[in-house]
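Asker: Supplied in structure tokens, the structure appears directly below.
The values are calculated or read from the model by the stated rules, or taken from the named source; none is laboratory data. This structure is a prediction, so every number in the text was calculated from the model and none was measured. Positions of Cβ are generated from backbone atoms using ideal geometry, with glycine treated the same way; all protein chains shown enter the neighbour counts.
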């Protein structure tokens, strides 16, 4: 059974998808995948090298990733981590963030960054950071924008249009 906060994003993206009059520009359908098993969630946590934020783990138990949760950005799940490595776009974004860009965001230059979502062009990403490393567990960074979300549920509230970017902007 889907949590209300997950269902809201799926319904919002479905409405947007169906309302797009230009099929050549049409946004992708918001595909929520079948759930990850508890063992897969635990394995992803090991690969991430940090405990998963509880509502992100809850999401994975409802859908092991999702297409188009926001701005055509997917949410990565266990199946996206081939052999324990995050998707290529996520690895590239993390490498770009290391050092000075982390410091610009108020994070230690060596903070562990786990890619959770990356825009198809690689310019915007959502990264999970360890508890206590910043003002939230999820950093949305790119194109001059920066926001910290305390939980994955908060991230979905923003994506569903129930919360404003200003609520989380750094």
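Asker: Could you tell me which of the residues 135, 86, 130 is touching a residue at least 12 places away in the same chain (Cβ under 8 Å) and touching a helix residue (DSSP H, G or I) at 6+ places or on another chain (Cβ under 9 Å)?
Answerer: Values: 135 fails: touching a helix residue (DSSP H, G or I) at 6+ places or on another chain (Cβ under 9 Å); 130 fails: touching a helix residue (DSSP H, G or I) at 6+ places or on another chain (Cβ under 9 Å).
Matching residue, one of 135, 86, 130: 86.
Asker: I'm trying to understand the selection: among the residues of the range 103-117, which are at pLDDT below 95 and buried (at least 16 other Cβ atoms within 10 Å of the Cβ)?
Answerer: 105, 107, 111, listed by residue number.
Asker: Oh, and also: Looking at 93, 138, which one is crowded, with 18+ Cβ neighbours inside 10 Å, under 26 Å from residue 16 (Cβ atoms) and under 10 Å from the mean Cα position of the chain (by Cα)?
Answerer: Result: 138 is the single residue among 93, 138 that is crowded, with 18+ Cβ neighbours inside 10 Å, under 26 Å from residue 16 (Cβ atoms) and under 10 Å from the mean Cα position of the chain (by Cα).
Asker: Of the residues that make up the range 94-115, is at least one more than 23 Å from residue 55 (Cβ to Cβ), outside any helix (DSSP H, G or I) and in contact (Cβ under 8 Å) with a residue 40 or more places away in the chain?
Answerer: From the range 94-115, those more than 23 Å from residue 55 (Cβ to Cβ) are 95-96, 98-104, 108-110; that's our starting set.
Next, only the ones that are outside any helix (DSSP H, G or I) stay: 98-99, 108-110.
Right, trim to in contact (Cβ under 8 Å) with a residue 40 or more places away in the chain and you get none.
No; the residues of the range 94-115 include none that is more than 23 Å from residue 55 (Cβ to Cβ), outside any helix (DSSP H, G or I) and in contact (Cβ under 8 Å) with a residue 40 or more places away in the chain.
Asker: From the list 49, 31, which residue is without any contact (Cβ under 8 Å) to a residue 60 or more places away in the chain and under 22 Å from residue 128 (Cα atoms)?
Answerer: 31
Asker: Which of the residues spanning the range 143-170 are surrounded by fewer than 18 Cβ atoms within 10 Å (Cβ to Cβ) and assigned to a strand (DSSP E or B)?
Answerer: Result: 145, 146, 169.
Asker: Sticking with this structure for a sec: Residue 74 is checked against (1) farther than 25 Å from residue 5 by Cα; (2) in contact with a strand residue (DSSP E or B) (Cβ under 8 Å, 6 or more places away or on another chain); (3) outside any helix (DSSP H, G or I) and fails just one. What number does that condition carry?
Answerer: Only one criterion is unmet by residue 74, namely (1).
Asker: Among (1) at pLDDT below 85; (2) touching a helix residue (DSSP H, G or I) at 6+ places or on another chain (Cβ under 7 Å); (3) not in a helix (DSSP H, G or I), which single condition is residue 28 missing?
Answerer: (2)
Asker: Could you list, in sequence order, the residues of the range 36-71 that are part of a helix (DSSP H, G or I) and over 16 Å from residue 6 (Cα atoms)?
Answerer: 38, 39, 40, 41, 42, 43, 44, 45, 46, 47, 48
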